[in-house]
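These notes are about the structure you will find just below.
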Amino acid sequence: MSDVAIEPLIANRREPRLIAPPSAQRRLSVAEAYTVQDRVREALLTRGERLIGWKAGLTNAKVQAQFEMDEPVCGFLLASGVYSSGAEVPAARFAGLVVEAEVAFVMRQALAGPGVTPARALLAVEGALPALELVDFRFSGKTVGTDMIADGVFANAIVLGHALTPVMHLDLSLEGLVYEQRRLWRQQPDAQKDALPLAFRERTDGLVQQRLKRERSCHHEVSLSGRSRSDRRGTSVRPG
């Protein structure tokens, strides 16, 4: 059992701010980090949250190396963080917002290993949706992969697009998502003076990443459009 206190990780979701990662005190093993994540998830569910799905992170070797990992990581998604395309998402729910284009898989049935084959996994998928994951980098300073795991892989919110696409006859290794910018920013009348701009930069894989530095009285409006792209990340979402 890990000795990491989970209350700061939970409190940081209620009142977002940058905090020191667990590795600032002691670097966790992968098993310890998932134990912490399990405790965080169970505590949140006990307090009324609802589990809606799972996210995968660090899915390529280059990014794994940046966080000193040699395998992908997994985190949980909560129903309170699911938005539809075009929704207004309060900036106040984030400590360090980053927007990433993703593919969300809507599951027909749950999967649990060991022994899950690619064919069985494909049969469990109802279809795919374009999505934006609104990641929240809640840690200050250097962060390693086990910090990400303990936190829940920085999951905060997701925005789901429309038109579920069946995947049975697709080569998923060649499919992906293109982010298209539409309306970016809407300010409340009393927020004009203190509003900060969104900073954009192109990532090497062709996705647009957006960072919101600080603004708690504004909302970020997003909408989605998907078409073929070679980007192999994904998020699973339960229907209903």
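Odds and ends about this structure:
- From the options A91, A20, residue that is of a type in the set (A, V, I, L, M, F, W, C) and surrounded by fewer than 17 Cβ atoms within 10 Å (Cβ to Cβ): A20
- The range 69-90 - residue that is part of a strand (DSSP E or B) and in contact with a helix residue (DSSP H, G or I) (Cβ under 6 Å, 6 or more places away or on another chain) and, of those, farthest from S23 (Cα to Cα): F76
- Which numbered condition E71 fails, given (1) within 14 Å of M148 (Cβ to Cβ); (2) under 13 Å from the mean Cα position of the chain (by Cα); (3) not small (G, A, S): (2)
- Of all residues making up the range 91-141, the number that are among the aliphatic types (A, V, I, L, M) and assigned to a strand (DSSP E or B): 15
- Test: R47 is closer than 19 Å to L78 by Cβ, under 19 Å from the mean Cα position of the chain (by Cα) and of a type in the set (K, R): no
- Residue in the range 94-126 that is surrounded by the fewest Cβ atoms within 10 Å (Cβ to Cβ), counting only those that are of a type in the set (G, A, S) and within 21 Å of A163 (Cβ to Cβ): A124
- Search result, residues across the range 2-41 that are assigned to a loop (DSSP other than H, G, I, E, B) and either on the phi > 0 side of the Ramachandran plot or at pLDDT 90 or above (or both): I6, E15, P16, R17, L18, A20, P21, Q25, R26, R27, L28, S29
- Residue check, E71 in contact with a strand residue (DSSP E or B) (Cβ under 6 Å, 6 or more places away or on another chain) and surrounded by fewer than 19 Cβ atoms within 10 Å (Cβ to Cβ): no
The values are calculated or read from the model by the stated rules, or taken from the named source; none is laboratory data. Keep in mind that this is a model prediction, so the values were computed, not measured. A quick note on method: Cβ atoms are made from the backbone with ideal geometry, for glycine too, and the neighbour counts reach across all protein chains shown.
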